[in-house]
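Scroll down for the structure; my scribbles are underneath it.
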Amino acid sequence: MRISSLLLLLVLLLFGGCAHTIVVAPDFGHLPTAPKDSTRMERPAGYVISEADRKRVVNSGGGGGDSVSYTLYKDIESGFYHVLSNYFAHVYAMNRPDDAAVIKEKNIELIFVPIFTTQSSSSSLLTWPPTEFTLKIEINAVDLHGKTIWQREVTGVGKAEFSEFKSEFGLAAKRAADQALQKLDAALAQFPKN
Amino acid sequence: MIKRVPRFVVAVFVTSVLSACSMLAPKAAVSVQQTQTLRDSGAAPVKVGTFTSQGADAHDQSISIRGSGMASPYGSYAKYLEEAIRLQLKEAGLFDEASKAEVSGTLIKNDINAAGFVTASGDISARFQVRRGEKVVYDKIKDAHVEWGSNFLGAIAIPRAQEAYPGLVSTLLGALFGDAEFLSSLKSAKD
């Protein structure tokens, strides 16, 4: 076997199918912030992200046959909370929508239930970080009887090239999170006040 | 025979196995739990003063991760800590540039050990002070230690260590915000 073949085989054996860790958190400098004089809704709002979802590791495609892995709900949660807090003065995390103790203690009147899904890929055969990343946020707001009172779906797409992500491997994901949360913020501006 | 090895194969091998290049730490993260802790604390808004570093253990300009240098996206790691606490206080609505109370700090220790093939760790330590005028109302050193799964391969271990850094800083801030004396010092700083 030629040396070139041996080297190639070694590289494939070493790196084939690796899952590389990235973080899918937004850049807070890119997220809208409610102006100080804005009137946020006083209705206490809960949002549901379970502990199991926070710990769940999600995999999606990278380059060179590798994949990337991340704790999707944990990574997005702080940006999601930030955007909700732009419109609601009192926002509380809930482990499940029927968490009676939290509902009673915080006087929660409506509950947001988000579903985050992702896709990613890379146009590169030699580098693993995604060059394109998509984050979809489906969100339902329900009342205390479980009735849907508002729902939206927004999608953010982030792209990054090698020259950019060589110092920040999750850059495409970060850009997707920025865009999806910016769209969610715009959607929440239409949330009924009553 | 070596001359017959295509250059691109060598390039792939070298870039895949060796990752001795410079990189930036991810920007500071925000913790929802800390935001809620701060909001529920009844603390008064503060401004954020200057954070500095002290000694070589602070690795203020660069942290070495298996020979790769990781620099701060804010210019220094003292500045990283300053930005992290400002961001977290802003999220909780407790940042006010006009406040007479000021939190500042000194980065003492700041390092990542990713030499292990199974586990890597990060350690950080800083002295935090809250002042109102000339009076120091809080002065304590806080530490944090975080571990995560590592790998024999640098191409996997180094990015994992890089992505772990914001969590290390956030854990340190969690220790600060979880200190009743710190929260009390902000309350006592109310005018």
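The values are calculated or read from the model by the stated rules, or taken from the named source; none is laboratory data. Nothing here was measured: the structure is a model prediction, and the numbers come from that model. All Cβ positions, glycine included, derive from the backbone under ideal geometry; neighbour counts span all protein chains shown.
When you scan the stretch B:138-155, how many residues do you find that are over 20 Å from B:Pro166 (Cα atoms) and buried (at least 19 other Cβ atoms within 10 Å of the Cβ)? Walk me through how you get there before you give the answer.
Looking only at the stretch B:138-155, we keep the residues that are over 20 Å from B:Pro166 (Cα atoms), and these are B:138-140, B:152-153.
When the remaining residues are screened for being buried (at least 19 other Cβ atoms within 10 Å of the Cβ), the result is B:138.
Selection size over the stretch B:138-155: 1.
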Inset, instruction - Under 7 Å between Cβ atoms, at least 6 apart or on separate chains: pull out the pairs that start in the stretch A:34-56 with a residue that is touching a residue at least 40 places away in the same chain (Cβ under 8 Å) and closer than 21 Å to A:Glu109 by Cα and end on any residue that is in a loop (DSSP other than H, G, I, E, B) and β-branched (Val, Ile, Thr). - result: A:Pro44/A:Ile108; A:Ala45/A:Ile108; A:Gly46/A:Ile108
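Suppose the filter is crowded, with 21+ Cβ neighbours inside 10 Å, modelled with pLDDT of 95 or more and either within 15 Å of B:Gln33 (Cβ to Cβ) or more than 14 Å from every other protein chain (Cβ to nearest Cβ) (or both); does B:Leu173 pass it? Steps first, please.
Details: crowded, with 21+ Cβ neighbours inside 10 Å: yes; modelled with pLDDT of 95 or more: yes; either within 15 Å of B:Gln33 (Cβ to Cβ) or more than 14 Å from every other protein chain (Cβ to nearest Cβ) (or both): yes.
So B:Leu173 fits the description; yes.
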Legend entry - Residues located in the stretch B:52-93, provided they are modelled with pLDDT under 95, surrounded by fewer than 16 Cβ atoms within 10 Å (Cβ to Cβ) and on the phi > 0 side of the Ramachandran plot: B:Gly67, B:Gly93
Legend entry - Filtered residues of the stretch A:25-73 (kept if surrounded by 14 or more Cβ atoms within 10 Å (Cβ to Cβ) and aliphatic (A, V, I, L, M)): A:Ala25, A:Leu31, A:Ala34, A:Met41, A:Ala45, A:Val48, A:Ile49, A:Val58, A:Val68, A:Leu72
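In this structure, is B:Ala115 closer than 30 Å to B:Asn151 by Cα, of a type in the set (A, V, I, L, M, F, W, C) and at pLDDT 95 or above?
On the way: closer than 30 Å to B:Asn151 by Cα: yes; of a type in the set (A, V, I, L, M, F, W, C): yes; at pLDDT 95 or above: no.
No; evaluated as a whole, the condition is false for this residue.
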Inset, instruction - Might you check whether a residue that is without any contact (Cβ under 8 Å) to a residue 40 or more places away in the chain, out of contact with any Asp or Glu (no Cβ under 8 Å at 6 or more places or on another chain), within 25 Å of B:Ser76 (Cβ to Cβ) and acidic (Asp, Glu) occurs anywhere in the stretch B:125-137? - result: no
Inset, instruction - Go over the candidates A:Asp66, A:Asp27 one by one and state the one that is modelled with pLDDT under 95, within 13 Å of chain B (Cβ to nearest Cβ) and touching a Cys at 6+ places or on another chain (Cβ under 8 Å). - result: A:Asp66
Inset, instruction - Please verify whether the stretch A:78-90 includes one or more residues that are under 20 Å from the mean Cα position of the chain (by Cα), part of a strand (DSSP E or B) and β-branched (Val, Ile, Thr). - result: no
Legend entry - Cβ-Cβ under 8 Å pairs, at least 6 apart or on other chains, the stretch A:130-153 side closer than 12 Å to A:Phe116 by Cβ, far side modelled with pLDDT under 95 and surrounded by 14 or more Cβ atoms within 10 Å (Cβ to Cβ): A:Leu135/A:Val24
Legend entry - Matching residues, the stretch B:39-51, being surrounded by 18 or more Cβ atoms within 10 Å (Cβ to Cβ) and either on the phi > 0 side of the Ramachandran plot or not hydrophobic (A, V, I, L, M, F, W, C) (or both): B:Pro45
